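Taken together, the values in this text are just the output of simple stated rules run on the coordinates, not laboratory data. Being a predicted model, the structure only gives us computed values, none of them experimental. Ideal geometry is used to build each Cβ from the backbone, glycine not excepted, and the neighbour counts take in all protein chains shown.
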Amino acid sequence: MTDLTLMTFASDPATVLPSLALLSHRVRVLPMDAASLVKMPENTILFLDARDDLATAKTLCRLIHASGLSTPIVLVLTEGGFTVVNSQWGIADVVVATASPAEVEGRLRLVSERGNAPAAAAAGSPAESTTTVEDGQIRSGDLIVDTNGYTASLHGRPIDLAYKEFELLKYLVQHPGRVFTRAQLLQEVWGYDYYGGTRTVDVHIRRLRAKLGGEYEHLIGTVRNVGYRFDPPETDKETAAAQQAAKASSAAIDTDDDTPDLNTVA
């Protein structure tokens, strides 16, 4: 049984790809928005309902790649949608909404066997190539986080971090490019028994950025309406543009702590 996730705006998810209901796979249904990305398990195949909203589908494909996720994407299309989809979408496969159960099962089998992650992830993302771990030290460009000594340095100069600031930085750096909601960070860094609000995360993120300094504050990125991630240093040619983009996005902080419930079809 393959774990599947279906993202859709449809009021009746079973109508998106009716053949799924005839197969034995577990299907998780999520709203078709950016906030749903953090609710997907790592080992799932994503069916993206692009029948009526190709623009949103394309945006989500790009966001998935930018978030460092390696989830295979299968677009559910009408025949007209084939005219606009191309390899730049970074999808694993496409399927017509009216496809038979045999065809859907066959496409799932092929995607599963070849492990077809999005092109950006398969080629090696910046997160993978610029962050290394050796003897308990996580190095990302000029930033070094020593998990054994509980210290961090930038350009060889120590960064004066409080304990939770260090733990937050360490956790983000250990998962370069991956987006976490404030609730996830609160759970992973502060623990299950912490009863404070998620605004604690925002405060610590601001402090971290301030201590990294204006030149490096962009390393802690904000994904609007989703959460935060660690953005490893980019090439010198792209650094200036990345810093400007990060400063523009850092002001946008998600204020919605609620996440949608998961539904199951089939």
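Data table
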| read-out | value |
| --- | --- |
| Other-chain or far-sequence residues with amide H under 5 Å of Arg26's (modelled H) | Thr2, Leu4 |
| Rounded FRET efficiency, nearest 0.05, which uses the C-beta distance separating Ala210 from Glu103 and R0 of 51 Å | 0.40 |
| Separation of alpha-carbon centers, the stretch 1-25 and the stretch 128-176, rounded to whole Å | 41 Å |
| Computed E for Gln174/Arg224 - FRET, C-beta separation, R0 22 angstrom, nearest 0.05 | 0.40 |
| HN-Hα J in Hz across the stretch 174-184 - Karplus 6.51, -1.76, 1.60, θ = phi - 60°, x for Gly and Pro | 5, 10, x, x, 8, 8, 10, 6, 4, 5, 5 |
| For the stretch 204-216, 3J(HN,Hα) per residue [Karplus equation, 6.51 cos²θ - 1.76 cosθ + 1.60, θ = phi - 60°, Hz, x = Gly/Pro] | 5, 4, 4, 5, 4, 4, 5, 6, 6, x, x, 6, 10 |
| Shape box of the stretch 161-218 [Cα atoms, principal axes, largest first, Å] | 35, 21, 17 |
| Gain in span if fully extended, Leu110 to Ala162, counting 0.36 nm per residue against the direct Cα distance | 13.9 nm |
| Translational diffusion of the stretch 1-114, µm² s⁻¹ [Kirkwood Rh, Cα pairs; Stokes-Einstein; 25 °C; 0.890 mPa s] | 176 µm²/s |
| Calculated FRET value between Met1 and Phe82, using beta carbons and R₀ = 22 Å, to 0.05 | 0.15 |
